[in-house]
Every structure is written in C-alpha cells, then in structure tokens.
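Report on one structure; see the data block that follows.
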Amino acid sequence: MKFVKQTVGYWCPDITQGNFLGQGIRAAILDTGVSNHPDLQNRILDFRDFTGRSSGERDDSGHGTHVAGILAGDGTASSGLYAGMAPRSELIIGKVLDREGNGNVDIVLKGIEWILSRKSTYDIRIVNISVGTQPDLPREQKQLLLEAVEHLWDAGLVVVVSAGNYGPKSGTVSVPGSSRKVITVGVPDSPLPPVSCRRNRLNYSGRGPTGECVVKPDIYAPGTGIISCNSRYSLPGEHPYTIKSGTSMATPVVSGAIACLLSKYPDMTNVEVKLRLRESCQAFPGTEAGWGMLSVEQLFKT
C-alpha cells in the first residue's frame, strides 16, 4: 500500500522508525469476516459469525479481509511491501455480511452489541464499519442503525464509518455515515477522463449534506485501486494480494491512522481524536466538502 502511505503523508519519524504502529491498540471490524491470511496471523483476538454459518474464521466475500489488511496487515506475504496502516494493532472481527456483501440491520445490530460486550475484555478503542445501507431502506431501520453506532460512540469508542458509494450527487452519504457523531470517510473526487465508463467511475463517494444539514464526509482518504490482503490466498494459483475500490477501503486507512495515533497517545478520548483529525487534514483536490485529506504526518505534529 505504498500509494496510500505516500498520499496520506505517512513519512513522519514516529511512523518510519516503527515507534507507533498501533501496538497496544485493538480495533473491531464489522464486515464480511476475515480469512487466515499470513499478514494478519496471530493478531485476530476474537471472531464471531453473525450470519450463522461458521464458528471459525472465514470470509466468503473477500471484502472484510481486504479491509482488515488495510488497517492492520503487517506485509508478511510481501516482505513488508504491502503492509497496512497499523501493522502492530490487533483485531476483533464480526462477520455481519454475506458473500455478496449484503446483510440486514438486525444482524449488524447484533454485531454492535457484541462489540460493546467485548469492549472491556479486549480494551477495544476503534470500531471500523465499512458498511452502508441501501438508499431505499425503511427510515425506521436507518434510525435503529444510527442509534446503535452512536451508542458505540457514547461508550467512548472511536467509530469510523464509510460514506458509501452512491455519490457524487449531494445527499447521497449512506447510513450510518450520516451520523453527526461518528467519523465518516469519503474518497476524493478525481478529474473524469473524456470518456468515462459507469462500471469504472472515479467519482462515487457519498456526500452530504444529510437530512439534518450536516456536512459529510468528515475526512477523505485514498480508496480507489487499493492493494490489500486476498482472502483466497490459500487456494492454488491465488496471489496474496488483490485490488479493490470504494469508501470501504478508505475507511480502514483512517482507522489505521487513528490506531497509530492512539499507540502514541493512549489516553486520548474519541472526541479528542476527532478534533485532532479535523485540525490536521490537508487541502486536496476533490475534498472540499469536508475537512480535507488525511495527513498522518500532520496528525502526529499537531
């Protein structure tokens, strides 16, 4: 993930000297699960499949493993070339989505309740939710999910969620990214080529304002063409890494940066983390709707 690290300014001494790479910090991820990938070995502290199909670690989609690798992969399979943002952090994984990346609010709520029940056991500090609702989801269901993620925030956890991929029109940020409390992550817009293909569109990140006139996303990070862990690596002929795009990929970039920050300043509250992110963001084309682009270098300098 060299491009990610260069783009977000990942070259401050605290990072390059390996002083604060997420050690001592534990993050929970709600997604499609996780596979037994060498880049994550021995750092998955707990796993629960809420889709009801397995008692062991699994990821029949690949999305969750890719997200976990961006946040915490240590690059073992590439001799460090494709290490994630916080390669010494540890993970608690809840599988709440199926192989197609689909799920329902009730299952996600169970995953959130599980994280809360494990918060003290594992001293969980961060929750990464690269999950967004469909635009046509009933309002009552959206409200239940919003209340649940805000309960996580109120419990002192740093909650980082994706803006969704229904943009770039205004009012397209997904729930729970529309919450005014949590940290919502988008992907910067890029100049469109003369001829664009809808399947490969560059500008897809959801954006506000929300129904309550809240500006969203809060922060932007790289999310297009990101290389990370391949859940199918154990199968013959499969490469250890694969490429995916979306605000789902940008979200663990921010979560990983926060893990590094908390490994240096473990007493920071979630509100202090959010304020520090806001103060350290940098102007970058395509991020005008929010605070700006994540800059790890500035995050550690502020």
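With just the Cα atoms of region 176-302, tell me how far they stretch along each of the three principal axes, in Å, largest first.
Sorted largest first, the three principal extents are 45, 37, 26 Å.
For the cross-link pairs 110/181; 95/142; 110/142; 244/264; 119/244, which exceed 25 Å when the distance is taken from alpha carbon to alpha carbon?
Where the Cα-Cα span goes over 25 Å, the pairs concerned are 244/264; 119/244.
Say a site is exposed when it is one of the GluC sites (Glu not before Pro), sits in a DSSP loop, and has at most 12 other Cβ atoms within 10 Å; what is then the longest site-free stretch of the chain?
Counting at most 12 other Cβ atoms within 10 Å as exposed, the longest clean stretch of the chain is 101-211.
Figure the gain on full extension for residue 144 and residue 120 (residue separation times 0.36 nm, minus the Cα-Cα span) and round it to one decimal in nm.
Extending this stretch completely gives an extra 6.3 nm.
For the residue pair residue 154 and residue 137, what label-to-label distance in nm results when each label sits 7 Å from Cα along the Cα-to-beta-carbon direction?
1.9
If you place +1 on the Cβ of every Lys and Arg and -1 on the Cβ of every Asp and Glu, how big does the dipole about the Cα centre of the chain come out, in debye to the nearest 20?
Working: 31 positive and 29 negative charges, 86 e Å.
The calculation lands at about 420 debye.
Just subtract the alpha-carbon distance of residue 23 and residue 190 from 0.36 nm times their residue separation and send over the number in nm, one decimal.
Working it through step by step, the gained length comes to 56.7 nm.
Per DSSP helix of 4 or more residues, -39500 (n - 2.57); summed, then divided by the residues of the chain. What does that give at 222 nm, rounded to the nearest 500?
-9000 deg cm²/dmol
For the chain, with the dipole built from +1 on Lys and Arg beta-carbon atoms and -1 on Asp and Glu ones, taken about the Cα centre, which of 259, 138, 213 lies farthest toward the positive end?
Checked the options; the winner is 213.
Suppose the Debye formula is applied to equal point scatterers at every Cα of region 85-162; what is log10 I(q)/I(0) at q = 0.26 Å⁻¹?
Here the Debye-derived log intensity ratios amount to -1.44.
What number results when the radius of gyration of the chain, computed over Cα atoms, is divided by 2.2 N^0.38 Å?
Cα Rg divided by the expected 2.2 N^0.38 Å: 0.90.
No lab work stands behind these numbers, since they all come straight from the coordinates. Just so you know, these numbers come straight off a predicted model, no measurement behind them. Backbone-built Cβ (ideal geometry, glycine too); neighbour counts: all protein chains shown.
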